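Quick notes on the structure that follows.
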Amino acid sequence: VLDLAGVAHPWYGQDIDEPPGQNSRSSKALPGEILTPVLCGNATPARKNAWSEVDRLNTRLGPVRMRMFVTNEYKLVVYPEFGETMLFDRLYDPLELQNLADQATYRSVARNLHKELYEELARTGYRP
């Protein structure tokens with residue numbers, strides 16, 4: 001989306017106002033894919049999932065990290081510090097009101113998505 005706005009692609013450790021340096025592009029490229037062709041209808045996405053993270057360091061509970069893994073059908077949310085996992089069926093529960101992670105019929109789904117999430121985190125160099 002940045003390329004549509006004419007904004008240069010950021011790099012790890014780069015300050016928002018800092019132009020990319022000579023060494024920035026070698027090993028510090030942010031993981032991801034350029035979605036402009038997909039958004040313009042000229043291509044299909046290369047991936048069938050996405051992950052994101054939220055780190056809150058100053059909460060009343062202490063540091064809280066959240067990792068999410070999303071497919072067309074499911075969303076897995078993991079809170080590593082608390083050992084908490086949530087699983088939502090995005091097709092039948094788009095408002096994410098019912099946590100399916102503890103239901104026996106969804107345990108294998110949660111386990112597989114959890115595995116995929118941590119494989120992606122390891123592949124991209126993020127900490128779990």
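The values are calculated or read from the model by the stated rules, or taken from the named source; none is laboratory data. Model, not experiment: these values are computed from the prediction. All Cβ positions, even for glycine, are placed from backbone atoms using ideal geometry, and neighbour counts span all protein chains on display. Calculation scope for accessible area: heavy atoms of the full protein, side chains included, ligands and nucleic acids excluded. Shrake-Rupley method; radii C 1.70, N 1.55, O 1.52, S 1.80 Å.
Multiplying the sequence separation of ARG65 and ALA46 by 0.36 nm and subtracting their Cα-Cα distance, what value in nm do you get?
4.1 nm
On the accessible surface of segment 66-110, probed at 1.4 Å, how many percent belong to carbon and sulfur atoms?
51
Which FRET efficiency value, to the nearest 0.05, do you get for GLU73 and ALA5 by plugging their Cβ-Cβ distance into 1/(1 + (r/R0)^6) with R0 = 25 Å?
0.25
How much length is gained on full extension from LYS115 to LEU39, taking 0.36 nm per residue of separation minus their Cα-Cα distance?
Net length gain for the segment: 24.5 nm.
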